[in-house]
1. Suppose we filter segment 1-35 for residues that are of a type in the set (S, T, N, Q) and more than 17 Å from LEU52 (Cα to Cα); how many remain?
2. Within segment 13-28, how many residues are surrounded by 13 or more Cβ atoms within 10 Å (Cβ to Cβ) and not hydroxyl-bearing (Ser, Thr, Tyr)?
3. Kindly provide the set of residues from segment 10-51 that are more than 17 Å from the chain's Cα centre (by Cα), assigned to a helix (DSSP H, G or I) and of a type in the set (S, T, N, Q), ordered by number.
4. Check GLY30, GLY46 and return the single one that is without any contact (Cβ under 8 Å) to a residue 60 or more places away in the chain, of a type in the set (Gly, Ala, Ser) and farther than 22 Å from MET7 by Cβ.
5. For the subset of segment 54-91 comprising residues that are over 21 Å from LEU10 (Cα atoms) and of a type in the set (Phe, Trp, Tyr), which member is most open to solvent (accessible area, probe 1.4 Å)?
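The values are calculated or read from the model by the stated rules, or taken from the named source; none is laboratory data. Worth saying up front: this structure is predicted, and the values here are computed from it rather than measured. Cβ: placed from backbone, ideal geometry, glycine included. Neighbour counts: every protein chain shown. To get the accessible areas, we keep the full protein, side chains included, count just its heavy atoms, and leave off ligands, DNA and RNA. Shrake-Rupley method; radii C 1.70, N 1.55, O 1.52, S 1.80 Å.
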Amino acid sequence: MNFLNGMTLLLVYQLVGEVTVRLLAVPIPGPVLGMVMLFLTLMIRGRTPEPLQNASTALLSHLSLLFVPAGVGMMAHFDRIADEWLPITLALFFSTIITMVATAGIMQLTTRWFVRPGQGGGQQDE
C-alpha cells in the first residue's frame with residue numbers, strides 16, 4: 001500500500017502541474033511544473049514521506065525500462081536517422097559542449113555564492 005500511496009502522490013503532482021499549465025498557458029511541460037511543486041513541498045516539509053521514498057526508489061530501480069519506447073522510436077525512424085546522421089551528430093556534440101560549459105559556469109558562480117571566505121572550498125591553507 002505504501003508504494004501505491006507514493007505513486008498516487010507523484011501522479012497527483014503531475015496532474016496539478018498539467019492543469020496549471022493548461023489554465024495559465026505557461027510555456028513549460030506540466031510534469032516539469034508538477035515536479036517543481038513537489039520539490040518545493042518537500043523543501044518546506046524538510047523530509048520525504050516513506051510512501052514517496054518507496055515509490056521513487058522502485059521507479060529508479062527500473063529506470064532502464066522507461067527508455068524502451070525511445071529505443072523503439074529510434075528503430076521505427078532508422079531510415080530518417082541514417083539520412084540525417086550528420087546534423088544529428090553535430091547537434092548532439094555542440095549541445096553537449098554548451099551544456100558542459102554552462103554547467104561549469106553555473107557551478108563556479110554558485111560555489112562563490114555559497115562558500116564562505118576562509119572555508120577555502122576544500123583547498124588546504126599553507
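1. So the count comes out to 1.
2. Within segment 13-28, residues that are surrounded by 13 or more Cβ atoms within 10 Å (Cβ to Cβ) and not hydroxyl-bearing (Ser, Thr, Tyr) number 8.
3. THR20
4. GLY46
5. Residue satisfying both the conditions and the ranking: TRP85.
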